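The values are calculated or read from the model by the stated rules, or taken from the named source; none is laboratory data. All values reported here derive from a predicted model rather than from experimental measurement. Every residue, glycine as well, gets a Cβ built from its backbone with ideal geometry; the counts of neighbours run over all protein chains shown. Protein only, heavy atoms only, side chains kept; ligands, DNA and RNA dropped before computing areas. Shrake-Rupley method; radii C 1.70, N 1.55, O 1.52, S 1.80 Å.
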Amino acid sequence: MVYQMIYFSTTPTQMDAAQISDLLKQSKANNARDGITGLLVYYDKMFFQILEGDRDKVEACYHRIEKDQRHRKLFLMWEGDAEKRAFDDWKMAYESKDMCEETRNSSLSIHKLKQDPGQMMGGDPYIACAIQNVLSDFRELR
């Protein structure tokens, strides 16, 4: 079993590529240290993130995010156990409408998730449907 959290948040101002790069560098280092994998989507001052790993580590990460001045209005969409990781190869996959080639490769994780959203969220069909809709919306931005 793996613990997962899914949330949305907004940013007070639009983040540029350098700010996103700094955020990703820090997130990947922290996540590697804590055994967390996941996905981050950013567009138009909005984050959508999936975190997965040991419950205590994921919750600690979420609490750090709550205190981070780059995030506003956090909305916890879902938390719970799933049978396996959806992003086992990604310390933090990243999706944006303005991706460079290196981060574009992480979109494979999104497509993997779109194929079988039921593998996450403990198999809850309502949450799986909501994730499908969110990922569909972000796909349209590309």
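Laid out as a table, the results:
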quantity: Meets criteria (of a type in the set (Gly, Ala, Ser) and in contact (Cβ under 8 Å) with a residue 24 or more places away in the chain) for Ala18; calculated: no
quantity: Test: residue in segment 28-41 that is open to solvent by 30 Å² or more (accessible area, probe 1.4 Å) and not in a helix (DSSP H, G or I); calculated: yes
quantity: Yes/no for Met5 being of a type in the set (A, V, I, L, M), in a loop (DSSP other than H, G, I, E, B) and modelled with pLDDT of 85 or more; calculated: no
quantity: Qualifying residue in segment 88-105 (condition: at pLDDT 90 or above and in contact with a helix residue (DSSP H, G or I) (Cβ under 6 Å, 6 or more places away or on another chain)); calculated: no
quantity: Residue within segment 52-63 that is at pLDDT below 90 and either surrounded by fewer than 16 Cβ atoms within 10 Å (Cβ to Cβ) or not in a strand (DSSP E or B) (or both) present; calculated: no
